Amino acid sequence: MNALLLYPQSPETFWSFKHALKFISKKALHPPLGLLTVASMLPETWHKKLVDENVEPLLDKHLEWADYVFISAMAIQRKSVNRLLERCAAKAVKVVAGGPLFTTCHQEFSGVEHFVLGEAEITLPRFLRDLEAGQAKAIYATDRFPELADTPTPMWSLLKLKRYASMSVQYSRGCPFHCEFCDITSLFGRKVRTKGTSQIIAELDSLYAAGWRGSLFIVDDNFIGNKVKLKKEVLPSMTEWMQRHRHPFVFSTEASIDLSDDEELMSMMVAAGFDGVFVGIETPNEESLAECSKLQNRNRDLVACVKKIQSFGMEVRGGFIVGFDNDTPSVFDKQIELIQNSRIITAMVGLLNAPKGSQLYKRIVEEGRLLMEATGDNTDFSTNLEPKMGLEALSQGYHQIISGIYSPKPYFKRVRDYLREYHPQERKKRHFHTGYVRLHSGYAGAFFKTLVLLGVKDRARMQYWQMFFWSLFRRPRLFPMAITFTIYGFHFRKVFMAR
């Protein structure tokens, strides 16, 4: 059996880092981790190929080779999915579809012979047994959430590693919180399910053996959902592994704001090799936090929490939302102030959207306020619900925020303020260039590209050179980080200016 694992192209977005990746000659930020895991769950006797359209085109010969195409996607890839399904139909190749997009709205797609929905640990074996018996059904679904003890190590051998800027692993699924706008709990539940420590170490071993060195993103929606296990088992084992292998990876992940309450946990994460964490901050408006049930963020000094995490040497990347029912026009200036004062360089500010499967979606439908289905990209200046403050006022305010944080002057000021306050913990010597490695800014080629593209051609060239010399003479140890942030800023301006 020939199985083609097909990952659709993602559009240019805030998180694609498309314009930044060009500096280091990479095609995509992360690989399709779900499909690589599925590949390991397919029979060993099958022949398998991976085509990630973000790094290489799908060719007719790929479809002609395949007996089955296994496709997985997220909401933001819907347009690419429809195009790929048409190509599969034209070649009369059978399609097996799964992943978040199909799990939430498989009824909206034609040209798929078999839907394998929910988490593959439950539904994929059922499909494979029926397929072998010649009795495969159209839909395999479940409302159960499996334990992860039997989840296999992803099949890294299918990847062209050099085309990616970072690798990914998963430690846990599920989130203990239940934010109204989020569909994670409907997809993965509120119980935090984790892999065993031996599984995580095996995945690190496999990536190391495959030749990977550098950035490694732990894709959990809330890495610290089970703090006890992290402290007692996982982080000590990761730290020991990293020391034994001379620190080949730099970890980043996602976590809730209550990470700032636990100094021991932050210290252990840094000791294990973490230097970055994404935190859903959302809004400075207490009424809006209550509205969306973001209870873990309430009654906090959010700026102080962010700075506490960053004081341990982990850069905080933040998610922010405007357009809550309780938002007033004053929220736009407050968001700018929060982002500038917290020194969050990578601030994803989006309009409130209601993804299918979220509690917000159910409420908006009941209230008759649904305008369309969410695009999956909350930074594309669109919202799928009718905001209480009105679309025009919300749109104007959103543009105000984007200008207030990503125009060259406020952006470079935020970077400079962050670098002034940043004091990284002492780290062990690594195999690669020390400094900021999230986008591999140690690459000499990337540095020389910035001299031309940012120092000569970019409209922010004056701010680039001011940052260049300020960092070189005032914070020379952080010079690679400063250059990386100038590349980030270039990407963010390109993304927002094109819309």
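Only one entry in Ser172, Ser215 is of a type in the set (S, T, N, Q), within 27 Å of Leu42 (Cα to Cα), touching a strand residue (DSSP E or B) at 6+ places or on another chain (Cβ under 7 Å) and at pLDDT 95 or above, namely Ser172. Could you list, in sequence order, the residues of segment 186-236 that are of a type in the set (S, T, N, Q), touching an Asp or Glu at 6+ places or on another chain (Cβ under 9 Å) and in a helix (DSSP H, G or I)? Across segment 186-236, the qualifying residue is only Thr197.
With the condition kept exactly as written, say whether any residue in segment 343-354 is farther than 30 Å from Leu478 by Cβ, of a type outside the set (S, T, N, Q), in the same structural domain as Glu291 (by TED's automatic domain parsing) and in a helix (DSSP H, G or I). For segment 343-354, residues farther than 30 Å from Leu478 by Cβ, of a type outside the set (S, T, N, Q), in the same structural domain as Glu291 (by TED's automatic domain parsing) and in a helix (DSSP H, G or I): absent.
Please indicate, with yes or no, whether at least one residue in segment 252-259 is within 18 Å of the chain's Cα centre (by Cα), within 21 Å of Pro424 (Cα to Cα) and among the aliphatic types (A, V, I, L, M). So far as segment 252-259 goes, yes, one or more of its residues are within 18 Å of the chain's Cα centre (by Cα), within 21 Å of Pro424 (Cα to Cα) and among the aliphatic types (A, V, I, L, M).
Taking segment 359-407 as the range and being in a helix (DSSP H, G or I), touching a residue at least 40 places away in the same chain (Cβ under 8 Å), surrounded by fewer than 17 Cβ atoms within 10 Å (Cβ to Cβ) and of a type outside the set (Gly, Ala, Ser) as the test, the residues that pass are Arg363, Gln400.
Which residue is surrounded by the fewest Cβ atoms within 10 Å (Cβ to Cβ), if the candidates are limited to segment 280-334 and must be among the aliphatic types (A, V, I, L, M) and closer than 22 Å to Glu264 by Cβ? Before you say what the answer is, go through the steps one by one.
Here is the first cut: in segment 280-334, the residues among the aliphatic types (A, V, I, L, M) are 281, 289-290, 295, 302-304, 306, 309, 314, 316, 321-322, 331.
Next, only the ones that are closer than 22 Å to Glu264 by Cβ stay: 302, 304, 306, 309, 314, 316.
Numbers: Leu302: 20, Ala304: 11, Val306: 22, Ile309: 21, Met314: 23, Val316: 26.
So, considering only residues that are among the aliphatic types (A, V, I, L, M) and closer than 22 Å to Glu264 by Cβ, the one surrounded by the fewest Cβ atoms within 10 Å (Cβ to Cβ) is Ala304.
Counted as qualifying within segment 1-92 are the helices (runs of 4 or more DSSP H) with 2 or more residues that are buried (at least 18 other Cβ atoms within 10 Å of the Cβ) and in contact with a Pro (Cβ under 6 Å, 6 or more places away or on another chain), namely 33-41, 78-90. Looking for something within 19 Å of the chain's Cα centre (by Cα) and either in the same structural domain as Cys179 (by TED's automatic domain parsing) or farther than 21 Å from Tyr422 by Cβ (or both) - is there at least one such residue anywhere in segment 225-239? Yes, segment 225-239 contains at least one residue that is within 19 Å of the chain's Cα centre (by Cα) and either in the same structural domain as Cys179 (by TED's automatic domain parsing) or farther than 21 Å from Tyr422 by Cβ (or both). For segment 183-199, the tally of residues that are touching a strand residue (DSSP E or B) at 6+ places or on another chain (Cβ under 8 Å) and closer than 24 Å to Arg317 by Cα stands at 3. No other residue among Pro154, Pro146 is assigned to a loop (DSSP other than H, G, I, E, B) and in contact (Cβ under 8 Å) with a residue 60 or more places away in the chain apart from Pro154.
Among residues of segment 321-342 being of a type in the set (D, E, K, R) and not in a helix (DSSP H, G or I), the one that is farthest from Ile309 (Cα to Cα) is Asp325.
When Thr239 is tested against (1) more than 24 Å from Leu478 (Cβ to Cβ); (2) crowded, with 21+ Cβ neighbours inside 10 Å, only condition (2) is not met. Determine if segment 244-264 includes at least one residue that is surrounded by 16 or more Cβ atoms within 10 Å (Cβ to Cβ), in a helix (DSSP H, G or I) and either among the aromatic types (Phe, Trp, Tyr) or touching a Phe, Trp or Tyr at 6+ places or on another chain (Cβ under 7 Å) (or both). No, segment 244-264 has no match at all. Being in the same structural domain as Asp377 (by TED's automatic domain parsing) and within 27 Å of Lys362 (Cα to Cα) holds for only one residue in Gly318, Gly214, Gly313, and it is Gly318.
Just one residue in the set Gly313, Gly280, Gly276, Gly318 is assigned to a loop (DSSP other than H, G, I, E, B) and within 22 Å of the chain's Cα centre (by Cα); that residue is Gly313. Within segment 330-344, identify whether any single residue is among the polar types (S, T, N, Q), touching a Gly at 6+ places or on another chain (Cβ under 9 Å) and within 24 Å of Phe217 (Cα to Cα), and answer yes or no. Yes.
The values are calculated or read from the model by the stated rules, or taken from the named source; none is laboratory data. Just so it is clear, the structure is predicted and the values come from calculations on it, not from any experiment. Ideal geometry is used to build each Cβ from the backbone, glycine not excepted, and the neighbour counts take in all protein chains shown.
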